[in-house]
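Below is one structure, written out as structure tokens; comments come after it.
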Amino acid sequence: MRFWALEALTKADLDLERLTVALPTIDPSTVPVHAASRRFRLFWAKGISAVAMPWGVYVHPDRLKQPAADVGRLMVHELAHIDQWRRLGAIAWFRSYVGDYMRGRRKGLGHHGAYRAVGLEREARDVAARLGG
Ligand SMILES: [Zn+2]
């Protein structure tokens, strides 16, 4: 199963002009969304519902069955990660992400807490909250 991110945003009735302003490197009509295979999901941490790669978004098939508004919000979050990749480059993105995560763990946060505290995750959550209705 594959479709374009634009489809999920349109079904959720999201404001595409605001998305373009918030995520200037993203054209959602060119970002493919895939239902993530069981084999790919073996590598995902527990509780992960989607993964953004520089070339597209992989979503747990169960998440794709949720209401359009929820899928739309998830899509904005994942597109924000692709925008970050494009703005920072892969190495700086990983350095920032893993650095924040490890700092959180060293402070005594558990996996989920450290993940929530990652700056790039907070930024993606903020964009999704602002645009996701
Ligand atoms: Zn994220």
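Full extension of the chain segment joining Ala92 with Thr25 gains 22.4 nm, where the gain is 0.36 nm per residue of separation less the Cα-Cα distance. Spin-label point model (7 Å from Cα, Cβ direction): what's the His112 to Thr10 distance in nm? Roughly 3.7 nm, to one decimal. Comparing Val21, Val59, Val98 in a Gaussian network model of the chain where C-alpha atoms under 10 Å apart are linked, the largest mean-square fluctuation is found at Val21. Counting only Cβ charges, +1 for Lys and Arg and -1 for Asp and Glu, the dipole size of the range 66-118 around its Cα centre is about 360 debye. Translational diffusion of the chain, estimated by Stokes-Einstein from the Kirkwood radius over alpha carbon pairs at 10 °C in a medium of 1.306 mPa s, is 105 µm² per second.
The slack in the chain from Asp62 to Ile48, taken as 0.36 nm per residue of separation less the alpha-carbon distance, amounts to 3.9 nm. Loop-resident chymotrypsin sites (Phe, Trp or Tyr not before Pro) (DSSP state other than H, G, I, E or B) in the range 29-65 with no more than 13 further Cβ atoms inside 10 Å of their Cβ: Phe43, Trp55.
Bear in mind that the values in this text are calculations on the coordinates, not laboratory data. Here the structure is a predicted model, which means the values were calculated and not measured. Heads up, the Cβs are rebuilt from the backbone with ideal geometry, glycines too, and the neighbour counts pull from every protein chain shown.
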